[in-house]
Amino acid sequence: MNTDMLDKQAVTAPVAGIGKRRLPPELSIFIVLIGIALLFELVGWLAIGQSFLLNTARLKIMILQVSVIGIISVGVTQVIITSGIDLSSGSLVGMTAMLAASLAQTSQFVDRAVYPSLVDLPFVVPVVVGLAAGLLAGVVNGTLIAKTGIPPFIATLGMFVSARGIAKWYTKGQPVSFLSDGFTFFGSGLVPVVIFLVVAVIFHILLRYTRYGKFTYAIGSNMQAARVSGINIQAHLIKVYAVAGLLAGLAGVLTAARAQTAQAGMGVGYEFDAITAAVIGGTSLAGGVGRITGTVIGTLILGVMLSGFTFLRIDAYYQEIIKGVIIVGAVITDVYRQNKKKKKV
Amino acid sequence: MVLSPSTMAAVRKSGAIPNAEFLLTAEGIRKEFPGVLALDDVQFHLKRGTVHALMGENGAGKSTLMKILAGIYHPDQGEIRMKGVDIRLESPLDALENGIAMIHQELNLMPFMTVAENIWIRREPKSRYGLVDHAEMNRKTAELFERLNIPIDPRAEVRDLSVANRQMVEIAKAISYESDVLIMDEPTSAITEREVEHLFHIIRDLKAQGLGIVYITHKMSELFEVADEVSVFRDGRYVGTHASSEVTRDDIIRMMVGREITQMFPKEEVPIGDVVLSVRNLTLDGVFRDVSFDVRAGEILGVAGLVGSGRSNVAETLFGVTPASSGSIAIDGKQVKIDRPVEAIRHHMAFLTEDRRDTGCLLILDVMDNMQVASLHDQFVRGGFVDEKAVARVCRDMAGKLRIKTPNLYERVENLSGGNQQKVLIGRWLLTNPRILILDEPTRGIDVGAKAEIHRLVTDLARTGVAVIMISSELPEVLGMSDRIMVMHEGRVTGFLDRAEADQVSVMDLAAR
């Protein structure tokens, strides 16, 4: 169509320009992060006479703790943007950690759990296998959801149970230790943090500036409208869940590398931490809304809280109780935000 | 007049009415939403035993005012009186208890419950043991339906009902409250001609019983058929009230838009070219069969038929949303296979769907996101990355050409009026450079001004050689815009009419046979 013929009507064009984007919604969450950190700092001085923030070792532990959660959360964020959910990531961490570790065992260790006669493999093999296993599980999640139409909650709940089962069955519950230096390098120093940041930057760009990202938001905003606009919903959902699985696999590899061992119970509860981080970061469970920058800040808030509780020597039981409150609180905030938006219309 | 609570109770009890002329009055109503003054010093007076129509463009404030009267919104200022007594409406329940019931534009029924359960919810008849008495509930529903002459089974689940029947259930439910005032927000937007007639019958009965009925509509013909008085609103202000017998269609349009619209349907004769789209024996099992037609470049093919005739289904099948069971589609004489929308887009087809909210808008995303989404398959993308600058440029140009009223391109589409949302969707499809444009109810629920602009736009597109298929429930629109009209009835094409021979009677004759 030749649109020029409409020019004559454009004399009183009401749209002066493209306009400026509004302030990033992450700003308010960032202020919350700073506020919480300062609160711990204040309470720290008052209660135990120590600084919370001016302690490099503590900050390093904190950020290492949440890097793995952060990587999962990036994948979960894009799933939630499509108005889906992924409950399987914690179990996939356990499964991929076991698979990867079993191929990273050194031959000096005689009692090798899975493959007693295995030769030393280069670190690439366990890493790739771990990632591939996560990817495959994600493809299964996505295919189930896209092709059978069952709710994402159910499909990934199935994977949540089965993947944990695979992790336990694989070594009949035995831990896998004595991993090669090449493999454990990925868990050493600040390597997991660097990987987390690289993943976050890649997915920030992917969601903001690529067709993949635009289609992800479109599907979450209105699946039927996205379909009529020519988006292949099934294929796209499979991709989104596959990526979430891949990132859970990466998290599994890093968990095993950092612990220098793998156990079937690794990653228990990580799926909820990841969802919590995404929701605190402004991702809406209703779909269509969410940004990686928010998720990164959400992850840090989670880290600061956990680290702060330990710092104040709050009992681990209380920590769990408070974590539950945070999850519900974050969702209440999400609902409140949605309602406020609706009222405005 | 403000009465003390005890006086008020006494007045209510005695049935005495201090101000007998008006059933319901609202004065000095002001309502502000963040950033928008929705109502500014608005008044409204409803007489008993009358039908009072509210007219105004989208965003004029009619629906806001009615939601205030129904207790959904609370006014910032102003007074509401029911039979001369000041009332405060804190919730929809308050409104019901004060005798005001509302039939909403959006259907608010619970799909997995029966018709009877939906109607008597919160008022279920109880048995001796305090349990819900379903037999009694179904009996009361049957009684109500008999009175209103509605042939629906009270025990049917709402999800099994057609949209039109759901609408009738909504209406029956509102009536079941035995209220004094009944507010109807576009009650005919989803029902067929015959049911409209039926509804008007019911309205006249209720009127005779002394009810006051508020009737919001965009359809001028309904106004003159059913309303006694009409109030017009514009941009959140009250313009005036007239007896409907004393005003003409043009008067009302002038009041609504504040300017003259000389010609509603700017149809132009444009040169008609070769056949672009050729459909033969298109069939979707159980829905429609043996649909065959051609559309030429520059031609506007109108598609008429009652709701449920399969009109929209044919459009969906053409576009690959629900692939055909059999039949063939040819573009420029070449057979094509379209079983997914993206294939239709690649063949330069575009499809403005019937339901803006359900299958059109990405409501929580911004104007630019909405406009670009159908073009990203083969435009503006290199190596997976979207060329944001190019997208911004074409979206700005398109928004200007379509005169979309939005603060900027980063505004969420849910904050736009219906007419502007529709223009955003038209913009979405024009960006794909269509040669075949399917429009399903292109002007449903949008105001007169935007309607005329969309009609002009469609004419302009036809002039540039786009083949247009336009489905519409509004006969004047089909008759005014089309070169040729295809009429459907119960999944079959019952005939074609040329522009010269088509009129309301000939179309309805084919549509209802």
(request) Go through A:119, A:161, A:128 for me and flag whichever is closer than 14 Å to residue A:253 by Cβ, hydrophobic (A, V, I, L, M, F, W, C) and surrounded by fewer than 24 Cβ atoms within 10 Å (Cβ to Cβ). (result) A:128
(request) Examine segment B:155-164 for a residue that is among the basic types (Lys, Arg), open to solvent by less than 60 Å² (accessible area, probe 1.4 Å) and more than 19 Å from the chain's Cα centre (by Cα), and state whether such a residue exists. (result) no
(request) Among residues belonging to segment B:292-311 that are in contact (Cβ under 8 Å) with a residue 24 or more places away in the chain and open to solvent by 20 Å² or more (accessible area, probe 1.4 Å), point out the one that is nearest to the other protein chains (Cβ to nearest Cβ). (result) B:297
(request) Pull up segment A:63-112, narrow it to residues that are open to solvent by 10 Å² or more (accessible area, probe 1.4 Å), in a loop (DSSP other than H, G, I, E, B) and polar (S, T, N, Q), then point me to the one that is nearest to residue A:308 (Cα to Cα). (result) A:83
(request) For segment B:36-78, name all the residues that are outside any loop (DSSP other than H, G, I, E, B), open to solvent by less than 20 Å² (accessible area, probe 1.4 Å) and not hydrophobic (A, V, I, L, M, F, W, C). (result) B:52, B:62
(request) Collect the residues in segment B:449-485 that are open to solvent by less than 10 Å² (accessible area, probe 1.4 Å), touching a helix residue (DSSP H, G or I) at 6+ places or on another chain (Cβ under 7 Å) and among the hydroxyl-bearing types (Ser, Thr, Tyr), keeping them in residue-number order. (result) B:472
(message) Here's a check for you: in segment B:225-260, which residue that is assigned to a loop (DSSP other than H, G, I, E, B) and crowded, with 16+ Cβ neighbours inside 10 Å is modelled with the lowest pLDDT?
(response) B:236
(request) Just name the residue that is farthest from residue B:304 (Cα to Cα) out of those in segment B:434-448 that are surrounded by fewer than 22 Cβ atoms within 10 Å (Cβ to Cβ) and within 13 Å of another protein chain (Cβ to nearest Cβ). (result) B:435
(request) Scan segment B:167-181 for residues that are surrounded by 20 or more Cβ atoms within 10 Å (Cβ to Cβ) and touching a helix residue (DSSP H, G or I) at 6+ places or on another chain (Cβ under 6 Å) and jot them down. (result) B:169, B:172, B:173
(message) For segment B:338-349: of the residues being facing chain A (nearest Cβ under 9 Å) and not in a helix (DSSP H, G or I), which is nearest to residue B:471 (Cα to Cα)?
(response) B:348
(message) Suppose we filter segment B:353-367 for residues that are within 8 Å of chain A (Cβ to nearest Cβ) and open to solvent by less than 10 Å² (accessible area, probe 1.4 Å); how many remain?
(response) 3
(request) Scan segment B:402-423 and give yes if some residue there is under 18 Å from residue B:304 (Cα atoms) and open to solvent by less than 10 Å² (accessible area, probe 1.4 Å), otherwise no. (result) no
(request) Among what's in segment A:227-252 and is part of a helix (DSSP H, G or I) and within 7 Å of chain B (Cβ to nearest Cβ), pick the residue that is most open to solvent (accessible area, probe 1.4 Å). (result) A:227
(request) Provide a single number: the residues in segment B:371-393 that are touching a residue at least 24 places away in the same chain (Cβ under 8 Å), surrounded by fewer than 21 Cβ atoms within 10 Å (Cβ to Cβ) and more than 7 Å from chain A (Cβ to nearest Cβ). (result) 2
(message) Take the conditions within 14 Å of chain B (Cβ to nearest Cβ), open to solvent by less than 60 Å² (accessible area, probe 1.4 Å) and modelled with pLDDT of 90 or more and apply them to residue A:288. Does it pass?
(response) yes
(request) For segment B:386-400, state whether one or more residues are in a loop (DSSP other than H, G, I, E, B) and either more than 22 Å from residue B:33 (Cβ to Cβ) or touching a helix residue (DSSP H, G or I) at 6+ places or on another chain (Cβ under 8 Å) (or both). (result) yes
(message) Among the residues in segment A:235-243, are any more than 26 Å from residue A:330 (Cα to Cα), of a type outside the set (Ser, Thr, Tyr), touching a strand residue (DSSP E or B) at 6+ places or on another chain (Cβ under 7 Å) and in contact (Cβ under 8 Å) with a residue 40 or more places away in the chain?
(response) no
(request) Considering only segment B:313-337, state which residues are out of contact with any Ser or Thr (no Cβ under 8 Å at 6 or more places or on another chain), away from every other protein chain (no Cβ under 11 Å) and under 17 Å from residue B:287 (Cβ atoms). (result) B:314, B:317, B:318
(message) Residue under question is residue A:97, and the condition is that it be modelled with pLDDT of 90 or more and out of contact with any Ser or Thr (no Cβ under 6 Å at 6 or more places or on another chain); does it hold?
(response) no
(request) Could you give me the residue pairs with C-beta distances under 8 Å whose first residue belongs to segment B:400-415 and is more than 7 Å from chain A (Cβ to nearest Cβ), whose second residue is basic (Lys, Arg) and surrounded by 22 or more Cβ atoms within 10 Å (Cβ to Cβ) wherever it lies, and which are 6+ apart or on separate chains? (result) B:402/B:423
(request) Please specify each residue of segment B:312-351 satisfying the condition of being touching a residue at least 40 places away in the same chain (Cβ under 8 Å), touching a helix residue (DSSP H, G or I) at 6+ places or on another chain (Cβ under 6 Å) and of a type in the set (Val, Ile, Thr). (result) none
(message) Looking only at residues that are under 19 Å from the mean Cα position of the chain (by Cα) and in contact (Cβ under 8 Å) with a residue 60 or more places away in the chain in segment A:141-157, which one is surrounded by the fewest Cβ atoms within 10 Å (Cβ to Cβ)?
(response) A:153
(request) List every residue pair whose Cβ atoms lie under 6 Å apart, where the two residues are 6 or more positions apart in sequence or sit on different chains, the first residue falls within segment A:256-270 and is part of a helix (DSSP H, G or I), and the second residue, located anywhere, is open to solvent by 30 Å² or more (accessible area, probe 1.4 Å). (result) A:257/A:186
(message) Give me the residue from segment A:164-177 that is farther than 16 Å from residue A:92 by Cα and among the polar types (S, T, N, Q) and, out of that set, most open to solvent (accessible area, probe 1.4 Å).
(response) A:174
(request) Please verify whether segment B:13-25 includes one or more residues that are assigned by TED's automatic domain parsing to the domain that holds residue B:153, at pLDDT 80 or above and within 17 Å of residue B:237 (Cα to Cα). (result) yes
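For (1) over 26 Å from residue A:260 (Cα atoms); (2) of a type in the set (Val, Ile, Thr); (3) in a helix (DSSP H, G or I), each residue gets a yes or a no:
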{"residue": "A:154", "(1), (2), (3)": "yes, yes, yes"}
{"residue": "A:157", "(1), (2), (3)": "yes, no, yes"}
{"residue": "A:165", "(1), (2), (3)": "no, no, yes"}
{"residue": "A:184", "(1), (2), (3)": "no, yes, yes"}
{"residue": "A:192", "(1), (2), (3)": "no, no, yes"}
(message) Quick check on this structure: which one of A:261, A:255, A:310 is closer than 29 Å to residue A:184 by Cβ, more than 14 Å from every other protein chain (Cβ to nearest Cβ) and surrounded by 24 or more Cβ atoms within 10 Å (Cβ to Cβ)?
(response) A:255
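The values are calculated or read from the model by the stated rules, or taken from the named source; none is laboratory data. If you're wondering where the values come from, they're calculated on a predicted model, not measured in any experiment. Note: ideal-geometry Cβ built from the backbone for every residue, glycine included; neighbour counts use all protein chains shown. Only protein heavy atoms, including side chains, enter the accessible area calculation; ligands, DNA and RNA are left aside. Shrake-Rupley method; radii C 1.70, N 1.55, O 1.52, S 1.80 Å.
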